[in-house]
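The structure appears right after this line, and notes come after that.
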Amino acid sequence: HREGTGNSHAHVQFKSPLMASLANIKPSDFGQAGIWEPLAGTPGPVQPANALNKTGRGTLTLAGDNPFNREVNILGGMVVAAHANALGTDSNIYSRVSSLGLSGGVSIAGKTLHAGGVSTEPTPVLVNLDGDNQFLGDLRVSDYPSPTVSSTVPGGRLSLGNPGHLLDLAGSALTLDGPGDIVVNSDISNTSGTIGINALQHYGYHGRNN
């Protein structure tokens, strides 16, 4: 905190192990307004003209109606959508060895989940965390050896896509996992082999799978 002539302002400096020098964070700097707007005062939605970039191994839960209009990038851990409009207005979600979770009976429409990356750890691309949830969009896989869709709760139900939506596996094999139910309504294309099932649950498929 520094006192000025007739006013005052505050700034914070930080330096990560990979940074060459200190970086200044100044709430009074209009050039940094986009950083502080969503966080100032009472917690509220992520504002327009922002993308959402999630890093690290933890979980970020979005429970509000978010109007941000750029893409979601899940670069680590999991992003949980607990509201139908939690993921903003852009149609693209990019996930690199990370997970998109659904919670609270949501129905996510108008989105394409682009899943990619190679990891030694099993990482589901789409996870049903509770109850009945729907991802009514496209799922496109790239350089992902065996994408997994998981329904983690007994009695829970995950619905993926509708007839006419695409589940493009890019030559990989799809695995369905977990104690809950999964219904795949999308047209499955470019699969490398049989669909694996890791538990004795109910699974349904749309008829145009190839």
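The values are calculated or read from the model by the stated rules, or taken from the named source; none is laboratory data. All figures in this text were calculated on a predicted structure; none of them were measured in a lab. Note: ideal-geometry Cβ built from the backbone for every residue, glycine included; neighbour counts use all protein chains shown. Surface areas here come from the heavy atoms of the whole protein model, side chains and all, with no ligands, DNA or RNA. Shrake-Rupley method; radii C 1.70, N 1.55, O 1.52, S 1.80 Å.
Charged neighbours of GLY76, selected by a Cβ distance under 11 Å, balance to +3 (K, R count +1; D, E count -1).
Rounded to the nearest 0.05, what FRET efficiency do ARG57 and LEU166 give with R0 = 25 Å and r taken as the Cβ-Cβ distance? Could you check?
So the FRET efficiency works out to roughly 0.25.
Legend: residues GLU71, GLU121, sorted from most to least accessible area (1.4 Å probe; ligands, DNA and RNA excluded), read GLU121, GLU71.
To the nearest 10, the accessible area of ARG70 is 120 Å² with a 1.4 Å probe.
Other residues lying with their Cβ under 11 Å from the Cβ of LEU100 contribute a combined charge of +2, Lys and Arg counting +1, Asp and Glu -1. Computed on region 132-190, with alpha-carbon pairs under 8 angstrom and 6+ residues apart, the relative contact order is 42 percent.
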